[in-house]
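The values are calculated or read from the model by the stated rules, or taken from the named source; none is laboratory data. In this text, all values refer to a predicted model and were calculated from it rather than measured experimentally. In this analysis, Cβ positions are derived from the backbone assuming ideal geometry, glycine residues included, and neighbour counts consider all displayed protein chains. These accessible areas exclude ligands, DNA and RNA; they are computed on the full protein's heavy atoms, side chains included. Shrake-Rupley method; radii C 1.70, N 1.55, O 1.52, S 1.80 Å.
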Amino acid sequence: MGPKTIDNKQVISVNLLYDEKLDGPLPPVDKAGLINELRQTLPDLELLHEREDLQPYECDGLSAYRVMPLLVVMPETVEQIETFMKICHQRQVPVVARGAGTGLSGGALPLEGGVLLVLARLKNILEVNPEGRFARVQPGVRNLAISEAAAPYQLYYAPDPSSQIACSIGGNVAENAGGVHCLKYGLTVHNLLKVEIVTVEGERMTLGSDALDSPGFDLMALFTGSEGMLGIVVEVTVKLLPRPQVAKVLMASFDDVGKAGKAVGDIISAGIIPGGLEMMDNLAIRAAEDFIHAGYPVEAEAILLCELDGVEADVADECERVRQVLENSGATAISQAKDDAERALFWAGRKNAFPAVGRISPDYYCMDGTIPRRELPKVLQGIADLSAEYGLRVANVFHAGDGNMHPLILFDANQEGELERAEAVGGKILELCVAVGGSITGEHGVGREKINQMCSQFNDDELLTFHAVKAAFDPDGLLNPGKNIPTLNRCAEFGAMHIHNGELPFPELERF
Amino acid sequence: MSAQHEHAHRPGERAASASEQQLQQQVLDALHSNTPLAIQGANSKAFLGRPVDGQVLDTRGHSGIVNYDPTELVVTVRSGTPLVELLAALDDQGQTLTCEPPTFNGQATVGGMIAAGLSGPRRPWSGAVRDLVLGTRVITGHGKLLRFGGEVMKNVAGYDLSRLMAASFGQLGVITEVSMKVLPKPVSSHHLRLELPVERALLKLAEWGQQPIPITAASYLDGHLHLRLEGGVGSVRSAADRIGGEELDAGFWTQLNEQQLDFFQDPRPLWRLSLPPLTAELELPGASLLDWAGAQRWLKSDAAAEELQALASRHGGHATCYRAGVTDSPFQPLTPLLQRYHRQLKKQLDPQGLFNPGRMYPGL
Ligand SMILES: Cc1cc2nc3c(=O)[nH]c(=O)nc-3n(C[C@H](O)[C@H](O)[C@H](O)COP(=O)(O)OP(=O)(O)OC[C@H]3O[C@@H](n4cnc5c(N)ncnc54)[C@H](O)[C@@H]3O)c2cc1C
């Protein structure tokens, strides 16, 4: 999962670790004083500060970047979090929240001068209410555990990131996580009823409500996807949905990626919204097949997996219509999973695409750009060109229904310069996504990884607006400093770098 | 200050149209002269919120669909566009806005729909206005025309300011353009009415809610549960057979959504109670109508705001007055902590307090 460790020198050269010159000064922290106060005030709070204890926490799923935190705290109650935040606020100590640490953008990357607040121990499912169709859970509860707890009632929690066996619901809220069923069932933001927050000052605040809406601004929407920058998520109430009566999966093979892309539009034009609609290219198909033996056609240039779910009569009808559409779009073969076991196998291939690619390359770097679907052929061509230009293979996995691409750039960090090349390709792919009207991230978040690309997607005034939002909830900038929103200084530096390469002129540079 | 040399440096970004520049110029002038603005489209929702003392900023000159690609399931539209015009364009392609926003006699504009965030009978099953917002162009409290979100289904870059604009009653910025997710209209539908006591109706709804039955509207009035089923031909037919009842005219839902049913003619002020879905039938001081399977209850009542809001709050919800001038707090008051963060957010995004000051709460 993710690229391997590389030594600090290489990392610093790409300029993603916290840099006070670019990212702003951080307050100095009196470590001994802080430990003392925490021990006295919160004697039951588990606290790690020895080097070897801190090691497991030095990175999240973006493991190329590692930083030893000052301290790790592992609260077990919300009250501990409130007191902890009060102390940190009073002492002006930066705090980085961490759920399960599966994030792929370095959102939970620690700070040398900050505390890592690990929420994984708050893992109680507080309530599953079948009549009300909701579940109330603590932030450390794993995504899949919610659906498991709801299963006896034939209910489930819809957003299903591929990391669902491991990732926490608090992390899902902080990233607005998606999954393979988002087009029909929505992202995390669409499946929340209520979120309890502990503010930077250690106060408890409820966003959303037990009703379907709440008075005032929609702060729950604002906090969803805010990457631990506005407050700590300490409890989440999610919607549960009735399990569809049946689900069927069609797999279509294509001899051309563009044709597969067009087929996606054709299905949607036919008025059908599949439960899941995923695409993989040849390299991804081969890797997945080799790993999972899902029965994928390894000769195909692309496959589409199309899941139709709902009431039996409707699904049978839709399968027929989708089959027609796929035939007309030039699919070379179409098969339908014959039972639930085969359906699970078809999905296992897709859901394990990342680790599968991890088996065919020493390292890989996962991108998360989104595009309007009609731009797919152009963007895939652009990726192929970049791949050739930089001499790095790229496997494409794609939430095709909602235009979210996951190009996986294959490289070997032990080869001199390959990581830098991989990052360069990644950066260019994201800029390509922005250029066709898309976004640098659909679900993995900005974190630290895409901090520079934010400068391509947003102009200075937009970034200043984001900083203004941050200032409304965390004026001292103590929550997850350096993530998500770049400073204008950083963008000026990034722009200057681009000018060096003679590529992207940054006319607003004169403002600095 | 002038709106002329605004950015357009990003690839593919549309420059401001003349009407958008005009709106921006009005904001810049207001900033300059420190004059609060009362932002409005057709003002069809004047009954909601507190009176705003400000110069009118009318968005209706900024109208039209900017971009609509049915296969992308995305439409981008200017805020002054009449909602009915947008709905007609979507209908031509067999698509719709699933949150079913009311059009208020065909007057409502798209900007007002977003800013007020009112959703129709389909809300509990298909989501609210905020759920289909993908991106906005906004004139900020600094007079800048900025873009947040976009025309793609998924986008988690930066904070979600687009969704924040929904239901913010124009207090955080002037929305000039919005991109929304659209969906195909259901293949088949059936409308029915069942005579049964309200307690039993709520029990049935809780039971059906746990099953894959394609209910997309459920309202109770005059001793009858009114239901809409929508989906594929097969699922609608089998659910209709199972539930039975007498057939209902589809126009009922429009009349409900547009507040044209007889119930709404009662001269007493109209209140909306938003409650947890399973809340039992309540003793309410007035005449009531259940919508959203019980999660939204309309009430015609002379009772005091404090009484109704306390009652809603006891049951885990909140109450909003739908008639101007009845109370100084038409929206349920916020906790002191939430109030503080609302003020701080407003202060950050609209430091001069230009946009619809006080529309939601005094001092906001
Ligand atoms: C193999 C693999 C597949 C993946 N597939 C998907 C996918 O399909 N879809 C998808 O969306 N993502 C996917 N991810 C990314 C990742 O799993 C998600 O972003 C997930 O939501 C992160 O949850 P976490 O608990 O691991 O959070 P962490 O990685 O611990 O943290 C992520 C961010 O959230 C913040 N945070 C965490 N908890 C809290 C809290 N309680 N309060 C406030 N802030 C908090 C952190 O500060 C950080 O910024 C995948 C990752 C892997 C490794």
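Structure data summary
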| item | result |
| --- | --- |
| Filtered residues of segment B:345-355 (kept if open to solvent by 60 Å² or more (accessible area, probe 1.4 Å) and either facing chain A (nearest Cβ under 9 Å) or more than 17 Å from residue B:54 (Cβ to Cβ) (or both)) | B:347, B:348 |
| Test: residue in segment A:118-137 that is open to solvent by less than 40 Å² (accessible area, probe 1.4 Å), over 30 Å from residue A:352 (Cα atoms), within 13 Å of the ligand (Cβ to nearest atom) and not in a helix (DSSP H, G or I) | no |
| Residue satisfying condition, being farther than 30 Å from residue A:334 by Cα and of a type in the set (A, V, I, L, M, F, W, C), within set A:211, A:260 | A:211 |
| Residue check, residue A:232 open to solvent by less than 10 Å² (accessible area, probe 1.4 Å), within 16 Å of the ligand (Cβ to nearest atom) and in contact (Cβ under 8 Å) with a residue 40 or more places away in the chain | yes |
| Any chance residue A:177 is under 22 Å from the mean Cα position of the chain (by Cα), within 13 Å of the ligand (Cβ to nearest atom) and surrounded by fewer than 23 Cβ atoms within 10 Å (Cβ to Cβ) | no |
| Residue match in segment A:186-205 (condition: more than 15 Å from the ligand (Cβ to nearest atom), touching a strand residue (DSSP E or B) at 6+ places or on another chain (Cβ under 7 Å) and farther than 25 Å from residue A:472 by Cβ) | no |
| Single residue of B:272, B:359 found to be open to solvent by 20 Å² or more (accessible area, probe 1.4 Å) and of a type in the set (Lys, Arg) | B:359 |
| Complete set of residues in segment B:257-306 that are within 14 Å of chain A (Cβ to nearest Cβ) and over 23 Å from residue B:100 (Cα atoms) | B:279, B:280, B:282, B:305 |
| Residues satisfying the stated conditions in segment B:67-92, i.e. touching a strand residue (DSSP E or B) at 6+ places or on another chain (Cβ under 7 Å), within 14 Å of chain A (Cβ to nearest Cβ), open to solvent by 10 Å² or more (accessible area, probe 1.4 Å) and outside any strand (DSSP E or B) | B:70 |
| Residue satisfying all of: in segment A:87-117; of a type in the set (Val, Ile, Thr) and open to solvent by less than 20 Å² (accessible area, probe 1.4 Å); farthest from residue A:39 (Cα to Cα) among these | A:96 |
| So residue A:64, is it farther than 16 Å from residue A:40 by Cα and modelled with pLDDT under 95 | yes |
| Residue A:444 vs. criteria within 16 Å of the ligand (Cβ to nearest atom), open to solvent by 20 Å² or more (accessible area, probe 1.4 Å), within 14 Å of the chain's Cα centre (by Cα) and not β-branched (Val, Ile, Thr) | yes |
| Filter result for residue A:8 (surrounded by 11 or more Cβ atoms within 10 Å (Cβ to Cβ), polar (S, T, N, Q) and modelled with pLDDT of 90 or more) | no |
| In segment A:464-481, the residues that are open to solvent by less than 20 Å² (accessible area, probe 1.4 Å) and more than 8 Å from every other protein chain (Cβ to nearest Cβ) | A:474, A:478, A:479, A:480, A:481 |
| Of residues in segment A:352-370 being among the hydroxyl-bearing types (Ser, Thr, Tyr) and within 13 Å of the ligand (Cβ to nearest atom), the one surrounded by the most Cβ atoms within 10 Å (Cβ to Cβ) | A:370 |
| Among (1) within 11 Å of chain B (Cβ to nearest Cβ); (2) open to solvent by 30 Å² or more (accessible area, probe 1.4 Å); (3) farther than 19 Å from residue A:347 by Cβ, the one test that residue A:256 misses | (1) |
| Criterion violated by residue A:248 - all others in (1) within 12 Å of chain B (Cβ to nearest Cβ); (2) away from the ligand (no atom under 14 Å from the Cβ); (3) open to solvent by 20 Å² or more (accessible area, probe 1.4 Å) satisfied | (1) |
| Residue B:209 being closer than 21 Å to residue A:182 by Cβ and modelled with pLDDT under 95 | no |
| Residue B:320 being at the interface with chain A (Cβ under 9 Å from one of its Cβ atoms), under 23 Å from the mean Cα position of the chain (by Cα), among the polar types (S, T, N, Q) and farther than 18 Å from residue B:259 by Cα | no |
| Pair list, Cβ < 7 Å and 6+ apart or interchain, from segment B:108-127 residues that are in the same structural domain as residue B:75 (by TED's automatic domain parsing) to residues that are assigned to a strand (DSSP E or B) and open to solvent by 20 Å² or more (accessible area, probe 1.4 Å) | B:109/B:82 |
| Members of segment B:207-248 found to be away from every other protein chain (no Cβ under 11 Å), small (Gly, Ala, Ser) and either crowded, with 19+ Cβ neighbours inside 10 Å or under 24 Å from residue B:184 (Cβ atoms) (or both), listed by number | B:217, B:218, B:219, B:240 |
| Helices (runs of 4 or more DSSP H) contained in segment B:147-250 and holding at least 1 residues out of contact with any strand residue (DSSP E or B) (no Cβ under 6 Å at 6 or more places or on another chain) and among the hydroxyl-bearing types (Ser, Thr, Tyr) | B:233-243 |
| The lone exception for residue A:274 - which of (1) surrounded by fewer than 22 Cβ atoms within 10 Å (Cβ to Cβ); (2) in a loop (DSSP other than H, G, I, E, B); (3) not basic (Lys, Arg) it fails | (1) |
| Strands (runs of 3 or more DSSP E) (entirely within segment A:330-404) containing at least 2 residues that are hydrophobic (A, V, I, L, M, F, W, C) | A:333-336, A:394-399 |
